[in-house]
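Remarks on the structure that follows.
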Amino acid sequence: MARVSRAETQERNRAKVLAAAREEFAERGFRDAKVDAIAERVGLTRGAVYSNFPGKRALYFAVLADAAEHAFPPGAVPYADPGPDGGAFAHRTSPSSHLPHNPPAPGLPAPGLPAMGRSSVGLAAGGPRAGVGLQAALGAFALAWVRPLADDRLGRDLTPELLAEDVRRPYAQLLKLDALLLSLALERLRPTAPGPGGAPARRVRQAGIVLGALHGANQVAATAPGFLQPYDVVVACERLAGLDLEDWWSTPPSGPPIRPVEEPWNPPPAIDLVRGEPLAHRDGVVAVLGLNRLAAVEEAVRRGEPTTVVLATSTPHELGPLARLVVAQVCGPLRQAFPVGTWPDLRVVCDESGEFAKSLGVPAVSDETETALRVRNGRLLLRADGFAACHAIAASA
C-alpha cells in the first residue's frame, strides 16, 4: 500500500474539518458554533483544526467559499432560457411560484421552484440561446442568485462579520471587482456607443445597482425571513436592463515608471475563478493586486488588453476565502445566465499560498500591493509597481 504523504494527510484533514464545520455552522449558526465541537465531529484535536485555519471566522469564510464554488459547477445546466418576450422570468410565473417561507430539506429543491434541468420557465440543455437579450440575461442571473436563499442557513450570520474593520474595505473592493465582471458580460452582450471624446462605454454602475439589489435581498432574507419575495427582486433586476446611467471610463493619470524584466515565467497551477476551471495562461497583462486595490484592474481592462488579476492579501488564510466567496457569488450565476461568448475576458486567481505572486517576482504582498507585468510567449517583459501600475503596463502595448 502506498504511503500517504504529510501533505495528503493535511489535505484530507482539512476537507474533514470543512465538512464538519459546515454541519456545525448550519445547525448552530456562526456565533454559537464551537471549534471544540467541530474537532469532536471529526475526531481531531482543537490544535489540529487551528493548524488548518487560524480562527473560527477564517473557517466560516472557507466553508462559505467552498459552498458557493460548488453551487455552480462548470458546465452545469443553466436555470432559465429566455422566452420570446426577452425576459427570463417576468410575466412567466404565477404568484404561487414564489420562494417558500419555510426552507426545504438540505439538498432538495424548494417547493414551487423548478428543479435544475426541469424549469417551468423554459430550460435549454445547451444554455441560453445565442440571441439572449439584456433583460433575459439579468433575469436569469438574478434567478440563479436568489434560488439558494430558500435554504441559506450557512450564510445567515455573514453580514455581521462583513462589518468588522479589517474586512469592510477589502469587501468593498471585492464588490467593485464583481461589478466589473458583471459589467463586462453585459457590455459584450449589448455593446454601447462610446462616450464623450471616444471614452469607452461601461455598465459598471448598472451592474453595481443590480448587485446591490441582490445583496440586499440576501440580507433581508437573513434578518427578516418571509418579508421579501425573492422572485420580485428577479423581476426588478430584469427591469434594470433599461437603465441608462451614461457610464463612461475616464483615463487615469500616468502611472509609475516601467522597467524591463526579460525573464522566463513559470507560473504554478491555478484556478480561474471566473470560469471555475484551470487557468489558461496567455499573453497580456498580469496584475498582482492587494484586496484594497482591486478596482485598479479596470485600468488594464479598458485598454482592451487580455488581463489576469491575482488577488493578494497579507492575511491569506482569512481574507483569501472571503475573496473566493465574493467572486463565486457573481461568477456562478453569470456562467448560468450568459452565453459563453459574452463571459468577461478577465481571468481571476486567488493566490492564497502566495506562490503565484512569487512566480511574478512579488515575494511579499500586502492589501495595498499593485504590481503589473506584461507577458509574452511565456516571458515577463515589463514591470511597474505602485499606483496606476495596471494602466502604465496596459498602455505600453
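So the values come out like this:
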| read-out | value |
| --- | --- |
| Residues (open to solvent by less than 20 Å² (accessible area, probe 1.4 Å) and farther than 30 Å from Ala397 by Cβ) located in segment 327-342 | Ala328, Gly332, Pro333, Gln336, Ala337 |
| Gln229 over 21 Å from Ala397 (Cβ atoms) and modelled with pLDDT under 95 | yes |
| Selection count where residues are of a type in the set (Ser, Thr, Tyr) and closer than 13 Å to Val301 by Cα, scope segment 380-397 | 0 |
| In segment 309-325, the residues that are more than 13 Å from the chain's Cα centre (by Cα) and either free of Cβ contacts under 8 Å to residues at least 24 places away in the same chain or open to solvent by 10 Å² or more (accessible area, probe 1.4 Å) (or both) | Thr313, Ser314, Thr315, Pro316, His317, Glu318 |
| In segment 353-391, the residues that are hydrophobic (A, V, I, L, M, F, W, C), in contact (Cβ under 8 Å) with a residue 40 or more places away in the chain and more than 15 Å from Pro264 (Cα to Cα) | Val365, Ala372, Ala384, Phe387, Ala388, Ala389, Cys390 |
| Filter result for Asp272 (under 29 Å from Pro191 (Cβ atoms), open to solvent by less than 30 Å² (accessible area, probe 1.4 Å), out of contact with any strand residue (DSSP E or B) (no Cβ under 6 Å at 6 or more places or on another chain) and of a type outside the set (A, V, I, L, M, F, W, C)) | no |
| Which numbered condition Leu294 misses (of (1) on the phi > 0 side of the Ramachandran plot; (2) modelled with pLDDT of 95 or more) | (1) |
| Residue that is open to solvent by less than 50 Å² (accessible area, probe 1.4 Å) and either at pLDDT 95 or above or farther than 21 Å from Val340 by Cβ (or both), where the choices are Leu138, Leu143 | Leu138 |
| Yes/no for Thr192 being in contact with a strand residue (DSSP E or B) (Cβ under 8 Å, 6 or more places away or on another chain) and among the hydroxyl-bearing types (Ser, Thr, Tyr) | yes |
| Flag for Asp244 being farther than 23 Å from Ala296 by Cα, modelled with pLDDT under 90 and either charged (D, E, K, R) or open to solvent by 50 Å² or more (accessible area, probe 1.4 Å) (or both) | yes |
| Number of the exception - Gln10 against (1) under 23 Å from Ala323 (Cβ atoms); (2) modelled with pLDDT under 90; (3) open to solvent by less than 40 Å² (accessible area, probe 1.4 Å) | (3) |
| Flag for Arg293 being of a type in the set (Lys, Arg) and touching a helix residue (DSSP H, G or I) at 6+ places or on another chain (Cβ under 9 Å) | yes |
| Qualifying residue in segment 254-267 (condition: small (Gly, Ala, Ser) and either over 25 Å from Leu181 (Cβ atoms) or open to solvent by less than 40 Å² (accessible area, probe 1.4 Å) (or both)) | yes |
| Members of segment 258-273 that are within 13 Å of Gly378 (Cα to Cα) and not aliphatic (A, V, I, L, M) | Glu262, Glu263, Pro264, Trp265, Asn266, Pro267, Pro268 |
| Test for Pro84: is it modelled with pLDDT under 90, part of a loop (DSSP other than H, G, I, E, B) and within 17 Å of the chain's Cα centre (by Cα) | no |
| Some residue of segment 344-358 being modelled with pLDDT of 95 or more, out of contact with any helix residue (DSSP H, G or I) (no Cβ under 8 Å at 6 or more places or on another chain), assigned to a helix (DSSP H, G or I) and surrounded by fewer than 19 Cβ atoms within 10 Å (Cβ to Cβ) | yes |
| Enumeration of residues in segment 286-308 that are open to solvent by less than 30 Å² (accessible area, probe 1.4 Å) and among the small types (Gly, Ala, Ser) | Ala287, Gly290, Ala296, Ala300 |
| Only one of Leu214, Leu245, Leu279, Leu189 that is touching a Pro at 6+ places or on another chain (Cβ under 8 Å), in contact (Cβ under 8 Å) with a residue 40 or more places away in the chain and over 22 Å from Ala357 (Cα atoms) | Leu189 |
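The values are calculated or read from the model by the stated rules, or taken from the named source; none is laboratory data. Predicted model only: the values in this text are computed from it and were never measured. Methodologically, a virtual Cβ is constructed for each residue, glycine included, from the backbone with ideal geometry; neighbour enumeration extends over all protein chains shown. These accessible areas exclude ligands, DNA and RNA; they are computed on the full protein's heavy atoms, side chains included. Shrake-Rupley method; radii C 1.70, N 1.55, O 1.52, S 1.80 Å.
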